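In what follows, a structure is listed as structure tokens, so that the remarks can point back to it.
The values are calculated or read from the model by the stated rules, or taken from the named source; none is laboratory data. Predicted model, so just to flag it, every value in this text is computed and none were measured. For neighbour counting, all protein chains shown are included, and Cβ atoms are generated from backbone atoms with ideal geometry for every residue, glycine included. Accessible surface areas use protein heavy atoms only, side chains included; no ligands, DNA or RNA. Shrake-Rupley method; radii C 1.70, N 1.55, O 1.52, S 1.80 Å.
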Amino acid sequence: DIKPFRMPCGLLRRNILDWPELCLERALCLSPKNRQQLSSFYADAKEKLPADHTPSVAGLAHGTRASLAEERRAQLASFLVGSVHFHGPIDSAAANSVYIPTADQDDTSSTFSAKQALFPGSGYWCSSGKHQPREIVTWTGMLHKRRQVRALKVSWAYAPGEVRVRASPDGLHWDVVVPWHRSKQGEVSFEEDMYFDRPRNVMQLKIEMRKPKEWAYFGINQASLELE
């Protein structure tokens, strides 16, 4: 029998065995190495399930389906694999600068809107460009509920000269959790893990950017939270 594991972040709210592997990877926003570890865990867990625990429950009554889902959730939904750090998605986003390629688009409908940085493979957020050195461009991420966060992982499309992160537990009171700093990497695009001064209860966060480099834009492929 599979023993239940405890995952502090409680990311998974659905039956893990009903998720295609690609969907699972997207939901957790894991690195390639961690995806491989999780894939191995997934395959091993699936082999150990009893024969009557089949992933397909489409023909069952709602009550039976819910019962199976609850049982599987207790067995598989909360787990920790070695030293894997789980990355939770950000639910919605906005920005004070958005590149708008055509006249019939606006900040929210643009193909480079802030929400493009919420999921991998969906595109990327891009600022309007031509920023002044002291101008601060802000990408704001919002959650449906507070979560305890230890770091922010950003995949840069157009990295800024300097960046800082502020976080809020309620959208009203803000703290600097990562001060202004320059990245040690000089590339246009790369991944950066920005660790907070301490674990924080987060409802909203702001990625603030300034001092654009020669590419003149700020851009984010994806932003996700490393959960405590």
Interchain or long-range residues, amide H under 5 Å from residue 151's placed H: 196, 226
Residue 183 - accessible surface, heavy atoms, 1.4 Å probe, Å² rounded to 10: 40 Å²
Label-zone membership for the range 162-187, site residue 91, 7 angstrom Cα→C-beta point, backbone N under 14 Å: 169-171
Whole-percent pair-distance distribution, where bins are 10 Å wide, for the alpha carbons of the range 140-228: 18, 52, 26, 4
Inter-label distance for residue 173 and residue 109, nm, one decimal - labels placed 7 Å from Cα along Cα-to-Cβ: 4.0 nm
Gyration tensor (alpha-carbon) shape descriptor, the range 92-135, a/c threshold 1.5: oblate
Long-range amide H partners of residue 99 with built H, under 5 Å: 126, 127, 128
Pairs from 130/153; 184/211; 145/184 whose Cα-Cα separation, in the structure shown, is over 22 Å: 130/153; 145/184
Cα→Cβ-extended label distance, 7 Å offset, between residue 201 and residue 216, nm: 4.6 nm
Whole-Hz ³J(HN,Hα) from phi, Karplus 6.51 cos²θ - 1.76 cosθ + 1.60, for the range 212-221, glycine and proline x: x, 8, 4, 7, 6, 10, 10, x, 10, 6
Calculated from backbone phi, Karplus (6.51, -1.76, 1.60) coupling profile of the range 195-207 in Hz, x at Gly/Pro: 7, 6, 4, 6, x, 10, 7, 10, 10, 9, 8, 10, 9
Residues whose placed amide H lies under 5 Å from that of residue 213, excluding near-sequence neighbours: 161
